[in-house]
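To start, the structure itself, in structure tokens.
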Amino acid sequence: MMTPSDVKATLSFSDGSPSMDLPLYKGSVGPDVIDIRKLYGQTGKFTYDPGFLSTASCNSTITYIDGDKGELLYRGYPIEQLAQNCDFLEVCHLLIYGDLPNQEQRDKFVKNITYHTMVNEQMQFFLRGFRRDAHPMAVMTGLVGAMSAFYHDSTDVHNAQHREIAAHRLIAKMPTLVAMSYKYGVGQPFIYPKNSLSYTGNFMRMMFATPCEDYEPNEVLVRAMDRIFILHADHEQNASTSTVRLCGSSGTNPFAAIAAGVACLWGPAHGGANEAALQMLEDIQRNGGVEKIGEFIKQVKDKNSSVKLMGFGHRVYKNYDPRAKLMRETCHEVLNALGLHDDPLFKLAMALEKIALEDDYFVSRKLYPNVDFYSGIVQRAIGIPVSLFTAIFALARTVGWIAQLNEMIGDPEYKIGRPRQLYVGAAPRQVRPIGER
Ligand code: CMC
């Protein structure tokens, strides 16, 4: 709920134009916002904030981040407690319905999701139209968008029942689609979901079983993958979530809006960073390993190079990303369970982290490891190919996108998103005949 504050902001102009009082609103925690909705109407001026550095695009009850403290809450619950005490489907229930489920609610929700895991058989033929070497995110963007062509009965975003069925379908079918895009790429038959398994156990079986050999879920690895899902489930108004909101604000169907989120997530500054972080580690390893860290860090710090330390830095966290701490713990568990604690890439990551955390360049800019720094190592150890990392992030973030989309549609103040601009192009001019141009 937005609570009006007693404080008002006053905007004054040095050219003598009349000043304007702007109302302030308080959230439950975190910074207040200045309401500028009437600014243009009253002053004829817009605000200018490319990249939304100081702009709240909505009010939301779902996720809270305190970037300075390194705190992340889903519906008020600290991410550490959720990661340690809940499974992913409980977290999905929390994000969508506002609270953790009791036993009865949990059973009902799990059943609903479990019985929606199969995808329309025709989707296989759609998938077969892609090249086998297509990037999984290219395939996922297409498959998720195509869901609106396969599930017509849940495409009315203004119908609460349609929205709920679409939500269940998306959460349930994403693992099936990600596994199918993987199997297609490696030329193996698709593995159908198995309802007796957990959400995450089922995903891993669809990934790693073949018709010749079943997959026996390994508890530590299933728990690690489930934690990856929990940690990536939502992250308030990040680029892909804002994309889903903006896309959905036109009234388009939920599958189309989520497909837009998948497309946005693909970029290396966002969801593609886990893939980029692992590629960076592999590159350093190939070119000399730990010995070459100093040289690499020098390149990162060079203003004239575009090299970045992938998996470091965050728009909001100016402290250690709390998800990175949990992922680091999971990383140790997985490598121990698999007898890989001497894994050279993990050792390299630890050495790189240590050096970066002590280097003034990173310290002064408050650049800390983010979740992607470790999630790539965990996924690689589990046997997930690097090119699939971002698709797994998309699988996990789907619930957050849906919760945010539904929150926006249910908000009486919601309007189509339509940012304004500062035009700096040519002033009005006349078209001249082609011979005179
Ligand atoms: N390596 C080296 N320098 C960096 C890095 C980095 N990873 N990140 C930021 N900087 C520098 C940047 O060059 C700038 O320096 P200066 O002030 O001298 O110009 C300063 O730190 C501030 O950076 P910024 O680009 O203004 O920060 P931003 O908030 O616009 O960017 C970011 C945030 C995540 C895009 C950026 O830190 C980055 O590109 N990191 C690497 C990619 C990455 O790991 N992304 C995953 C984010 S977490 C997953 C998710 O939520 O999607």
Practice prompt. Can you tell me the 0 to 90 degree angle between the C-alpha axis of helix 371-382 and the longest principal axis of the chain, rounded to 10?
Written response: 20
Worksheet item: Within straight cross-link reach of Lys173, meaning Cα distance under 16 Å, which lysines are found once same-chain residues fewer than 8 apart are removed?
Response: Lys111, Lys183, Lys194
Item to complete: Counting helices only, and only those DSSP H runs with n ≥ 4, report the 222 nm mean residue ellipticity of the chain as the sum of -39,500 (n - 2.57) divided by its residues, in deg cm²/dmol to the nearest 500.
Response: -16000 deg cm²/dmol
Discussion item. Using Cα springs under 10 Å in a Gaussian network model of the chain, which residue among Gly44, Gly267, Gly289 shows the largest mean-square fluctuation?
Written reply: Gly44
Worksheet item: Of Lys8/Lys366; Lys69/Lys325; Lys308/Lys366; Lys325/Lys366, which sit over 25 Å apart, Cα to Cα?
Response: Lys8/Lys366
Discussion item. Please compute the modelled spin-label separation between Glu104 and Val7, points set 7 Å along Cα→Cβ, answer in nm with one decimal.
Written reply: 4.6
Response to the item:
Most fluctuating of Met206, Met174, Met350 in the GNM of the chain (C-alpha, under 10 Å) is Met350
Fill in: Listed residues Lys347, Lys108, Lys38, most fluctuating in the chain (Gaussian network, C-alpha, under 10 Å)
Lys38
Discussion item. Quick check: pseudo-label points 7 Å beyond the Cα along Cα→Cβ at Arg420 and Glu333, how many nm apart are they?
Written reply: 5.0
Worksheet entry | Angle in degrees between helix 389-410 and the longest Cα principal axis of the chain, rounded to the nearest 10 | 40
Discussion item. Quick check: the angle from helix 219-232's long axis to the longest principal axis of the chain, C-alpha only, nearest 10 degrees?
Written reply: 10
Discussion item. What does the extension gain come out to for Asn59 and Gln122, with contour length at 0.36 nm per residue minus their alpha carbon separation?
Written reply: 18.7 nm
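Quick one: with all protein chains in place, what share of the accessible area of the chain is carbon or sulfur, to the nearest percent (1.4 Å probe)?
The nonpolar share, carbon plus sulfur, comes to 52 percent.
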Worksheet item: Alpha carbon centre of the range 1-49 versus the range 81-158: separation in Å?
Response: 40
Item to complete: Distance between Cα centroids, the range 161-208 to the range 263-309: provide it in whole Å.
Response: 31
Worksheet, complete the sentence: Normalised Cα Rg of the chain, dividing by 2.2 N^0.38 Å with N its residue count, works out at 1.06
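The values are calculated or read from the model by the stated rules, or taken from the named source; none is laboratory data. Computed from a predicted structure; not experimentally measured. Don't worry about glycine lacking a Cβ; one is built from the backbone with ideal geometry, like all the others, and counts go over all protein chains shown. Keep in mind that these areas ignore ligands, DNA and RNA; they rest on the heavy atoms of the full protein, side chains included. Shrake-Rupley method; radii C 1.70, N 1.55, O 1.52, S 1.80 Å.
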